[in-house]
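Here the structure comes first, spelled out in C-alpha cells, and everything after it is commentary.
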Amino acid sequence: MFMKDLIMILVGLLMLIVGVLIGVAFLTLFERKILGYVQIRKGPNKVGVMGILQPFSDAIKLFTKEQTYPSFSNYLSYYFSPIMSFLLSLIIWCMIPYYFNMISFNLGMLFFFCCTSLGVYTVMVAGWSSNSNYSLLGGLRAVAQTISYEVSLALIMMSGIIMIMDFNLIKFSIYQNLIWFIFLMFPISISWVSSSLAETNRTPFDFAEGESELVSGFNVEYSSGGFALIFMAEYSSILFMSLFFSLLFLGGYDLSLFFYLKLGMIFFLFMWVRGTLPRYRYDKLMYLAWKSYLPLSLNFLMFFIGLKILL
C-alpha cells in the first residue's frame with residue numbers, strides 16, 4: 001500500500017512539473033502577444049494558428065544550437081548554475097497544496113523562503129563564473145536587490161502567518177472563506193506585488209539584466225540551452241509568484257476556473273507593468289526597499305499582532 005502511495009505521489013509531481021513547463025512555454029507567448037499589442041503590433045503570428053506553436057519552435061531552436069562557453073570561464077559552475085536555477089524554480093512548486101495526493105505540507109511557508117533564498121546563489125554564481133565584467137556586475141546587483149526585497153517579503157508574509165497562526169498553505173483558503181485577505185491587508189498586498197516584481201528581476205526592477213548599461217547582465221555569456229534554462233527558471237518563478245499572491249490574498253487555493261482566472265490576471269499585471277513602466281534608478285530601488293516597504297511591513301506586522309492579541 002505504501003509503495004502504491006509513493007508511486008501516486010511521484011506521478012502527481014511529474015504531472016505538476018509537466019504542467020508548469022507547458023505553462024511556462026505559453027506564458028512566453030502570452031507576454032510577447034501582450035507586449036506586441038501594447039506597442040501596436042501583432043507579436044508572434046506565423047508559426048501555427050495565431051503563433052500558438054511559437055514557444056515550441058523557440059525551444060527546439062535553443063536546445064539544438066551549439067553550446068558555447070568563454071575560454072576563461074570557470075566551466076563547471078558556469079555550466080551547472082542555470083541547471084540549478086531551473087531545478088530550484090521547479091522544486092518550489094512541490095509546496096502547492098494540490099488535493100489529489102492528500103499531502104499536507106505543514107511548513108510550506110518556510111520551504112518557500114528556503115528556495116527563494118537559494119535562488120540568489122545561482123544568479124551570483126552564473127554572473128561570477130562567466131568571468132565577464134558585465135556578468136559580474138549584473139550578478140552583484142541581482143544579489144543586493146533580492147536580499148533587500150526578501151526582508152519585506154518575509155515581513156509581509158509574517159502578517160499573513162499571524163492572521164492564521166499556521167505555516168500550512170491549505171489554512172489560507174479556510175480562513176478566507178468569508179473575506180479575502182486583500183481587503184484586510186490592502187497596502188501590504190500591493191507592496192507584495194511590487195516586491196515580487198523585484199524578487200523575480202522583472203521590469204521596472206530588472207537591474208540584473210539592465211540591457212542599456214550591462215548588455216544583458218548576468219546571462220550575457222550564456223547561449224542556447226543555458227540561456228533557455230535561465231529564461232524558463234525566471235518564468236516559472238513569475239508564474240509561482242502569481243499563484244502565491246492569489247493563494248495568500250485572493251481567497252486561497254481551490255481547483256476552480258475562477259482561481260486560474262485570478263492567477264492569469266496577476267500574471268497579466270506582470271506583463272502590463274513591463275509594457276508600461278521604465279526602469280528605476282538603482283539607488284531609488286534600494287530606498288524603496290529599506291525606507292518604504294520595510295517600515296510599512298513592520299508597522300502592519302505590529303498592527304496584526306495587536307489585532308490577534310485583542311481577538
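Just to check your reading of the model, which residue among Ser292, Ser246 is in contact with a Lys or Arg (Cβ under 8 Å, 6 or more places away or on another chain) and part of a helix (DSSP H, G or I)?
None of the other options fit; the residue is Ser246.
Any residue in segment 176-202 that's farther than 30 Å from Ile230 by Cβ and of a type in the set (Phe, Trp, Tyr): show its pairings with residues that are at pLDDT below 85 and assigned to a loop (DSSP other than H, G, I, E, B) at Cβ separation under 8 Å, as long as the two are six or more apart or on different chains.
Trp180/Gly251
I need the full set of residues from segment 57-85 which are loosely packed, with under 15 Cβ neighbours inside 10 Å, among the aromatic types (Phe, Trp, Tyr) and either at pLDDT 80 or above or closer than 24 Å to Glu31 by Cβ (or both), in order please.
Phe63
Just checking, does segment 39-55 include any residue being at pLDDT below 85 and within 20 Å of the chain's Cα centre (by Cα)?
yes
Which ones in segment 143-176 are among the hydroxyl-bearing types (Ser, Thr, Tyr), buried (at least 20 other Cβ atoms within 10 Å of the Cβ) and either under 12 Å from Leu248 (Cα atoms) or within 15 Å of the chain's Cα centre (by Cα) (or both)?
Passing the criteria: Thr146, Tyr149, Ser159.
Just the residues that are without any contact (Cβ under 8 Å) to a residue 40 or more places away in the chain, in contact with a Phe, Trp or Tyr (Cβ under 9 Å, 6 or more places away or on another chain) and surrounded by fewer than 15 Cβ atoms within 10 Å (Cβ to Cβ), please, taken from segment 20-49.
Initially, segment 20-49 is screened for residues without any contact (Cβ under 8 Å) to a residue 40 or more places away in the chain, giving 22, 25-26, 29, 32-33, 36-37, 40-49.
From what is left, the residues that are in contact with a Phe, Trp or Tyr (Cβ under 9 Å, 6 or more places away or on another chain) are 25, 43, 47-48.
Selection gives Gly48 alone.
Only one of (1) surrounded by fewer than 19 Cβ atoms within 10 Å (Cβ to Cβ); (2) β-branched (Val, Ile, Thr); (3) under 24 Å from Leu90 (Cα atoms) is not met by Ile179, so which one is it?
Result: Ile179 fails condition (3) only.
What residue, of Ser130, Ser159, Ser173, Ser148, is touching an Asp or Glu at 6+ places or on another chain (Cβ under 7 Å), among the hydroxyl-bearing types (Ser, Thr, Tyr) and farther than 16 Å from Leu243 by Cβ?
Residue meeting the stated conditions: Ser130.
Given the conditions (1) surrounded by fewer than 17 Cβ atoms within 10 Å (Cβ to Cβ); (2) at pLDDT below 85; (3) under 16 Å from the mean Cα position of the chain (by Cα), which single one is not true for Ser104?
Tallying (1) surrounded by fewer than 17 Cβ atoms within 10 Å (Cβ to Cβ); (2) at pLDDT below 85; (3) under 16 Å from the mean Cα position of the chain (by Cα), Ser104 fails exactly one: (3).
Take Ser117 and decide whether it is under 18 Å from Ala142 (Cβ atoms) and either modelled with pLDDT under 85 or surrounded by fewer than 19 Cβ atoms within 10 Å (Cβ to Cβ) (or both).
yes
Matching residues to (1) without any contact (Cβ under 8 Å) to a residue 60 or more places away in the chain; (2) of a type outside the set (Ser, Thr, Tyr); (3) surrounded by fewer than 22 Cβ atoms within 10 Å (Cβ to Cβ):
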site: Ala233; (1), (2), (3): no, yes, no
site: Phe259; (1), (2), (3): yes, yes, yes
site: Phe268; (1), (2), (3): no, yes, yes
site: Met271; (1), (2), (3): no, yes, yes
site: Pro278; (1), (2), (3): no, yes, yes
site: Tyr282; (1), (2), (3): no, no, yes
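How many residues, within segment 1-44, are in a loop (DSSP other than H, G, I, E, B) and more than 19 Å from Phe268 (Cβ to Cβ)?
The number of residues fulfilling the criteria is 1.
The values are calculated or read from the model by the stated rules, or taken from the named source; none is laboratory data. This structure is a prediction, so every number in the text was calculated from the model and none was measured. Positions of Cβ are generated from backbone atoms using ideal geometry, with glycine treated the same way; all protein chains shown enter the neighbour counts.
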